[in-house]
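This report refers to the structure that appears directly beneath it.
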Amino acid sequence: MKNKYNLTREENVFIAKRNIVDYIWKSANLEGIAVTYPDTQVIYDGGIVNGLKVDDIVAINNLKYAWEFILANEDIKLDFTLLCNIHKLIADKLVLNTDLGVLRHTPVNIGGTKWTPLFPIETKIKEELEEILSNKEKTKTEIAIEIMLYIMKRQMFIDGNKRVAMLFANKIMIDNGCGIISISQENQSEFYKKLIDYYETNNMEEIKNYIYNTSINGIDLN
């Protein structure tokens, strides 16, 4: 799986900043946050939107702060600590303070399937993250997609796992000039079907290829 784009980090950050509201809007919708693109823009700009749930407004602002964090911090190590810090930003004021950046301690159910994720164990999570991240035979794009899907399936936090997964994956993409992973509105239904299949079979090849072919944004500067 080749890198689709070969940008400098500066070029990739520029692309991300230019399209950041779109990425936030799509990421929010992917996790069931019913907000329109125009409303996302207003919230991002600090404006007031009437008729939205307070939690939805908070979630958009949290995504804004989390994106700003990964764009501004190039040298932060990709590890379990970063994963927890992203969750703190994503879930602030949306979950109990005791659940921010902390592995969940209650069971969760996944809509659309009888499959249920195992309870996360910190030592095992760290080992699994390191195994994926340290692979020298795969491109950074492939590693980013795999780590995103792994975090989504692991469901290690009480809420916001897809948002955390996409931000962690895009930290890898941006730092290595590989573009941005973003699931468009028209592809979200098919993405969910393939995601459920991955959950149930543990075979990620189909959804990994789907993401690669449909959901990586960038600019070819060559």
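From the list 60, 86, 15, which residue is closer than 18 Å to residue 152 by Cβ and crowded, with 18+ Cβ neighbours inside 10 Å?
Numbers: 60 fails: closer than 18 Å to residue 152 by Cβ; 15 fails: closer than 18 Å to residue 152 by Cβ.
Going through 60, 86, 15 in turn, just one is closer than 18 Å to residue 152 by Cβ and crowded, with 18+ Cβ neighbours inside 10 Å: 86.
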Inset, instruction - Go through the residues of the stretch 4-12 one by one and say whether even a single one is in contact with a strand residue (DSSP E or B) (Cβ under 8 Å, 6 or more places away or on another chain), basic (Lys, Arg) and surrounded by 12 or more Cβ atoms within 10 Å (Cβ to Cβ). - result: yes
Inset, instruction - Please specify each residue of the stretch 123-147 satisfying the condition of being touching a residue at least 40 places away in the same chain (Cβ under 8 Å), aliphatic (A, V, I, L, M) and under 17 Å from residue 191 (Cβ atoms). - result: 145
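Have a look at 220, 197 and point out the one that is modelled with pLDDT of 95 or more and over 15 Å from the mean Cα position of the chain (by Cα).
Details: 220 fails: modelled with pLDDT of 95 or more.
197 is the lone residue from the list that is modelled with pLDDT of 95 or more and over 15 Å from the mean Cα position of the chain (by Cα).
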Inset, instruction - Looking at (1) modelled with pLDDT of 95 or more; (2) assigned to a helix (DSSP H, G or I), find the lone condition where residue 98 falls short. - result: (1)
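Would you check if there is a residue in the stretch 158-175 being of a type in the set (Gly, Ala, Ser) and either more than 24 Å from residue 92 (Cα to Cα) or surrounded by fewer than 18 Cβ atoms within 10 Å (Cβ to Cβ) (or both)? Steps first, answer last, please.
Residues of the stretch 158-175 of a type in the set (Gly, Ala, Ser): 160, 165, 169.
From what is left, the residues that are either more than 24 Å from residue 92 (Cα to Cα) or surrounded by fewer than 18 Cβ atoms within 10 Å (Cβ to Cβ) (or both) are none.
Scanning the stretch 158-175, I find no residue that is of a type in the set (Gly, Ala, Ser) and either more than 24 Å from residue 92 (Cα to Cα) or surrounded by fewer than 18 Cβ atoms within 10 Å (Cβ to Cβ) (or both), so the answer is no.
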Inset, instruction - Evaluate the stretch 111-123: report whether one residue or more is in a helix (DSSP H, G or I), buried (at least 19 other Cβ atoms within 10 Å of the Cβ) and either among the aliphatic types (A, V, I, L, M) or more than 14 Å from the chain's Cα centre (by Cα) (or both). - result: no
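I'd like to know if the stretch 33-42 contains one or more residues that are out of contact with any strand residue (DSSP E or B) (no Cβ under 7 Å at 6 or more places or on another chain), free of Cβ contacts under 8 Å to residues at least 24 places away in the same chain, outside any helix (DSSP H, G or I) and of a type in the set (Ser, Thr, Tyr). Before you say what the answer is, go through the steps one by one.
Pass one, the stretch 33-42, residues out of contact with any strand residue (DSSP E or B) (no Cβ under 7 Å at 6 or more places or on another chain): 33-42.
Subsequent filtering for residues that are free of Cβ contacts under 8 Å to residues at least 24 places away in the same chain retains 34, 36-42.
Filter once more, keeping what is outside any helix (DSSP H, G or I): 34, 36.
Going one step further and asking which of them are of a type in the set (Ser, Thr, Tyr), we end up with 36.
There is at least one residue in the stretch 33-42 that is out of contact with any strand residue (DSSP E or B) (no Cβ under 7 Å at 6 or more places or on another chain), free of Cβ contacts under 8 Å to residues at least 24 places away in the same chain, outside any helix (DSSP H, G or I) and of a type in the set (Ser, Thr, Tyr).
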Inset, instruction - Might you check whether a residue that is under 24 Å from residue 76 (Cβ atoms), in a helix (DSSP H, G or I) and touching an Asp or Glu at 6+ places or on another chain (Cβ under 6 Å) occurs anywhere in the stretch 145-162? - result: yes
Inset, instruction - Can you tell me which residue within the stretch 89-110, out of those that are among the charged types (D, E, K, R) and over 25 Å from residue 172 (Cβ atoms), is surrounded by the fewest Cβ atoms within 10 Å (Cβ to Cβ)? - result: 93
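So which residues in the stretch 24-44 are of a type in the set (Val, Ile, Thr) and either within 13 Å of residue 61 (Cβ to Cβ) or buried (at least 20 other Cβ atoms within 10 Å of the Cβ) (or both), if there are any at all?
To start, the set of residues in the stretch 24-44 that are of a type in the set (Val, Ile, Thr) comprises 24, 33, 35-36, 40, 42-43.
Within the stretch 24-44, 24, 33, 35, 40, 42, 43 qualify.
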Inset, instruction - Specify the residue that is nearest to residue 132 (Cα to Cα); the eligible residues are those in the stretch 143-188 that are at pLDDT 95 or above and small (Gly, Ala, Ser). - result: 144
Inset, instruction - Identify the single condition in (1) of a type outside the set (A, V, I, L, M, F, W, C); (2) surrounded by fewer than 22 Cβ atoms within 10 Å (Cβ to Cβ); (3) under 25 Å from residue 123 (Cβ atoms) that residue 197 does not satisfy, given that it satisfies every other one. - result: (3)
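The values are calculated or read from the model by the stated rules, or taken from the named source; none is laboratory data. Only a predicted model underlies this, so the values are computations on that prediction, with no experimental measurement involved. Note: ideal-geometry Cβ built from the backbone for every residue, glycine included; neighbour counts use all protein chains shown.
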